[in-house]
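Sharing a structure below in C-alpha cells format, with a few things to ask.
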Number of protein chains: 2
Amino acid sequence: MTKKRQAYYTCSMEAALNVIGGKWKLTILNRLLTGPKRYGELHRSVTGITEKMLTQQLRELEEDQVIARTIYPVVPPRVEYAFTESGEKLSDVFKALEIWGSNFQHRINPISGNADHDKSCYVLKEEEQPGQLIHNP
Amino acid sequence: MTKKRQAYYTCSMEAALNVIGGKWKLTILNRLLTGPKRYGELHRSVTGITEKMLTQQLRELEEDQVIARTIYPVVPPRVEYAFTESGEKLSDVFKALEIWGSNFQHRINPISGNADHDKSCYVLKEEEQPGQLIHNP
DNA sequence: TTCGGTACGTACTTTTTTGTAAGAAATGCC
DNA sequence: GGCATTTCTTACAAAAAAGTACGTACCGAA
C-alpha cells in the first residue's frame, strides 16, 4: 500500500475526506452509482486510470468499507464492485460537493456555459427524493 | 506555488474537492467558521502547520475566492482572513462530510467512544437551522 | 542603534502520491 | 502445447505535496 492511511483523526470531516480524497476515488464511486461494475468496466469507464491505480484505489475503498468486492469463481475471472450500505450514504456528500462545486465553477469560469468541462457528474432530479442522485446520461 | 491547480474539471465534485482537499484546508476553514482570524491566530490555532504551508493554503483559498484577505495598514502588520459569501456556502459540504465521517469513524473504530480522535470538529445543534454549524467548544 | 512583533518569501530536502512497464495465475479452446 | 482472457502484482521512476531552515520588510520603542 502506497498511500499513508491514518487510522485516527481529530475530525470526522478529515476522516471522510481521506476516504474520498485522491485523484480517482470520486470518479470511481461516481461510476458505481449506476450499479455494480466489473473491474474491466471500471477500467474502460474511468478514462486515463492505470490498472495499478484502479486496483489500489478499489482496495482502499474496500478497506474503508465503502465498496464491496465480489469474486465469481469462473475462468477468466469475474470480479464485481458495488457500494456497501455505508457507501450509499455518501450520496449526501456527493450532492453537497456537486452543488457547491457547480456554483464554484460557474463563478470561476462563467463563460463556459456549454463546454465539456462545465458538465456535472450528477444531476439532481426536479422531483427529488432526499438523498437521491441520478447519473448524467 | 507548489500545488498543481487545475482550472477545468469534467466534474463539479472534483472541482469542489480540489478546493477543500489537501492536508490543511479543512482545518483552516474550520477555524474561520467562528469568524475572521488573523494570520497569527490561525498559526497558533492550526496545530502543527508551518508558516509556509499556512501562507500557501491561505493564498490558494483566496485564489479560489473561498476566503478574503484584509490588510490593515498598521505596524506591525495586521492581516485578517474571513469567509467570502461563497465560502460560507461550503457549510453544507462540511455538514455532509461531518455526518458521514462521524458514522464512518464509529463504524471503523467503534471502541473509542470517548477518546480524543473520536470528537468532531463540528456539532450540529439539536434545534438545527438549515445550513448552520457551530464550533465545538 | 539594536530589538521586537507580524506576516510573509525562498531555496532546498524529504515524504507521499501517481505513473510505467512488465509479468503472473487460472483454464477452456484450437 | 500455445494462446486468449481477466484481474491483478511488483519493481522502478517521475511528479507533486509537504517540511526545514533561514531571510525580509516595516517602524516604533528602548
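Within the stretch B:68-82, is even one residue part of a helix (DSSP H, G or I) and either of a type in the set (Asp, Glu) or within 13 Å of chain A (Cβ to nearest Cβ) (or both)?
Taking the stretch B:68-82 and keeping what is part of a helix (DSSP H, G or I), we get none.
No.
Please work out which residue is nearest to DNA strand D (Cβ to nearest atom), limiting yourself to the stretch A:25-49 and to residues that are more than 11 Å from the chain's Cα centre (by Cα) and closer than 21 Å to B:Asn18 by Cα.
A:Ile49
Here's another thing I want to ask about it. In the stretch B:42-58, what count of residues is obtained for those that are near DNA strand C (Cβ under 7 Å from one of its atoms) and surrounded by fewer than 15 Cβ atoms within 10 Å (Cβ to Cβ)?
3
Can you tell me which residue within the stretch A:64-108, out of those that are β-branched (Val, Ile, Thr) and touching a residue at least 40 places away in the same chain (Cβ under 8 Å), is nearest to B:Leu26 (Cα to Cα)?
My answer is A:Val93.
Where a number appears in this text, it was derived from the coordinates with a stated rule and is not lab data. The shown structure was predicted, so the numbers you read here are calculated from the model rather than taken from an experiment. Note that each Cβ is placed from the backbone with ideal geometry, even for glycine, and that neighbours are counted across all protein chains shown.
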